[in-house]
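Okay, so here's the structure we're looking at.
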Amino acid sequence: MNIHEYQAKAVLKDFGVSVPAGVLASTVEEAVAATTALSGTIWVVKAQVHAGGRGKAGGVRLCHSQAEVKQAAAEMLGMTLITHQTGAAGKLVKKVYVEQGLDIAHEYYLSMLVDREAEAVAFVVSPAGGMDIEQVAANTPEQILTRVVRHEAGPDADDCAAMIAKLGLTGRAAEAFPGLADGLYRAFCQTDASLLELNPLIQTGSGELLALDAKMAIDDNALYRQPELAALRDTGEEDPRETEAAQFGLNYIALDGRIGCMVNGAGLAMGTMDIIQLKGDKPANFLDVGGGVTVNAVCEAFKLLFSDKHVKAVLVNIFGGIVRCDLISLGLIEAIKTHPMRVPVIMRLVGTNEELGKQIIRDAGLDVRWAADLDQAAEFAVAAVGES
């Protein structure tokens, strides 16, 4: 679950991480009033959407007067911000965050993530802050240091020394870094974060380190023990199909292809999507119905696929173990009561109650194309899209 920049900064502040003073605004009037509440004569107006690359797309403006703040807020609020992360549809800007301007001496990159191979939290730092880290990694990988934290208590003196050296920190900034790293580590672990990114982390002219930007994602599987963070969820920033799917315990991610997929198990889902692409087309979604799926949940899954105008064919690939194949068929029967099969459906049902599942479909007289294996199922799906 992603949260907004202003929310991430509030979380970090609770853990002793320094952030610029800022005020959230939903109207132009509130944005102008924020300049009075903030010290200084320079302000930054930032669009609050779940996407990176806001600055390049006009979603971050440096303002030197209240008139400029007013103009920036008026232009941002209600606009559709399109960045390299939003796709062509963009994101509607409903709120802006007005921050005090700062004396920026240096910009750095710092992020934290879960290193699954090391089974530990890792810091990623670079002196090339304010840039797309992907470009830095591609063009100058020597500027990036990944430091795995081996101690439950957080980064030790050696960890901090290595990161300080890579960033090139000296003086007051070098002295402040261990405290910053400790606060970030505690914030990351105690909030069950899966990603924490400061791009940039800045050093002011006086040597203070502050999180000028903050991106934070919380592990969905841990939200049950993070009720305060769960309350920060902005469903307006999420794909409505993904939000709807989550209500029924479905793991759904919208993609840009034409073949809708329904699979049980993440590994099988990934394999299914890979084979679709090998056969010459693209999946329209990742949809894992999980192991404890019900007829009602399967019904809702089919409704999602049939109502997606981008879907030109549906591929159902079920390896029945805990999941019974007849539940999948019954879910389809329920779904078409309100959402007709407007596109070809290709089914591969193997495992528990396989024959019963197939018989239910046949008895209902549904025009389903049966596949003997995944390879054939993908071929049928790609061919069906070509016929549409």
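Coordinate-derived values only; no laboratory data. Everything numeric here is computed off the predicted structure, so don't read it as measured data. Heads up, the Cβs are rebuilt from the backbone with ideal geometry, glycines too, and the neighbour counts pull from every protein chain shown.
By count of other Cβ within 10 Å, fewest leading, how are Met163, Met112, Met131 ordered?
Values: Met163 22, Met112 25, Met131 16.
Neighbour counts put them in this order, fewest first: Met131, Met163, Met112.
FRET efficiency for Asp373 and Arg342, Cβ-Cβ distance as r, R0 = 25 Å, nearest 0.05?
That gives a FRET efficiency of 0.45.
Return the distance in nm (one decimal) between the two label points of a simple spin-label model at Asp14 and Ser206, each offset 7 Å from Cα along Cα→Cβ.
So the two model labels end up 2.7 nm from each other.
For every other residue with a beta carbon closer than 9 angstrom to the beta carbon of Ala254, add +1 if it is Lys or Arg and -1 if Asp or Glu, then tell me the sum.
It works out to a net charge of -3.
Applying 1/(1 + (r/R0)^6) with R0 = 51 Å to the Cβ-Cβ distance of Lys279 and Ala231, what FRET efficiency is obtained, to the nearest 0.05?
Working: r = 44 Å, r/R0 = 0.85.
In this case the efficiency is close to 0.70.
Where is the GNM fluctuation largest for the chain (alpha-carbon springs, 10 angstrom cutoff): Ala57, Ala25, Ala217?
Among Ala57, Ala25, Ala217, the largest mean-square fluctuation in the Gaussian network model of the chain belongs to Ala57.
Connecting C-alpha atoms closer than 10 Å in a GNM of the chain, tell me which of Ala153, Ala176, Ala162 has the biggest fluctuation.
Greatest mean-square fluctuation among the candidates belongs to Ala153.
Considering the convex hull of the alpha carbon atoms of the stretch 85-193, report its projected area averaged over all viewing directions, in nm², one decimal.
Dividing the Cα hull surface by four gives the mean projection, 9.6 nm².
For the stretch 239-387, compute the orientation-averaged projected area of the C-alpha convex hull (one quarter of its surface), in nm².
If I average the Cα hull's projected area over directions, I get 7.4 nm².
Starting from 0.36 nm per residue, how many nanometres of slack lie between Gln71 and His310 once their C-alpha separation is accounted for? If you can, show how the numbers build up before the last one.
Details: separation 239, 0.36 × 239 = 86.04 nm, distance 3.77 nm.
In short, 82.3 nm is gained.
Based on the Cα gyration tensor of the stretch 268-311, what are the three equivalent ellipsoid semi-axes, each the root of five times an eigenvalue, rounded to whole Å and given largest first?
On the way: eigenvalues 92, 44, 5 Å².
Values for the stretch 268-311, descending: 21, 15, 5 Å.
If you build the Cα gyration tensor of the stretch 20-101 and take the root of 5 times each eigenvalue, what three semi-axes come out, in whole angstrom, biggest first?
22, 12, 10
Exactly which GluC sites (Glu not before Pro) in the stretch 131-197 are in a DSSP loop and have at most 12 other Cβ atoms within 10 Å?
Answer by residue number: Glu152.
Within the set of other residues whose C-beta is less than 11 Å from the C-beta of Asp182, count the net charge using Lys and Arg as +1 and Asp and Glu as -1.
Net charge around Asp182: -1.
Please report the net charge: other residues with Cβ closer than 14 Å to the Cβ of Gly90, K and R +1, D and E -1.
Numbers: positive: Arg54, Lys56, Lys91, Lys94; negative: Glu237, Asp239.
Result for the neighbourhood of Gly90: +2.
Looking only at Lys95, Lys13, Lys337, which one moves most when the chain is put into a Gaussian network model with springs between Cα atoms under 10 Å?
The residue with the greatest mean-square fluctuation here is Lys337.
Add -39500 (n - 2.57) for each DSSP H run of 4 or more in the chain, then divide by its residues: what number comes out at 222 nm, to the nearest 500 deg cm²/dmol? Could you put the intermediate results ahead of the total?
Values: 13 runs with 142 residues, N = 388.
After summing the helix terms and dividing by residue count, I get -11000 deg cm²/dmol.
Against the longest principal axis of the chain, how steep is helix 28-37, in degrees 0 to 90 to the nearest 10, with axes from Cα atoms?
40
Can you sort Asp14, Asp213 so the residue with the fewest Cβ neighbours within 10 Å comes first?
Working: Asp14 13, Asp213 24.
By the 10 Å Cβ count, ascending, the order reads Asp14, Asp213.
Just want the ordering: Lys358, Lys91, from fewest to most Cβ atoms lying within 10 Å of their own Cβ.
On the way: Lys358 17, Lys91 23.
Ordered by Cβ neighbours within 10 Å, fewest first: Lys358, Lys91.
Which percentage, to the nearest 5, of the DSSP beta bridges contained in the chain is antiparallel?
About 75 percent, rounded to the nearest 5.
Sticking with the crude label model, points 7 Å out along Cα→Cβ, report the distance from Asp132 to His64 in nm, one decimal please.
My value for the distance between the label points is 3.0 nm.
Binning every alpha carbon pair distance of the stretch 85-126 at 5 Å from zero, what are the percents per bin?
5, 12, 11, 10, 14, 22, 17, 8, 0
Can you check what the Kirkwood hydrodynamic radius comes to for the stretch 148-299, Cα pairs only, in Å to one decimal?
19.0
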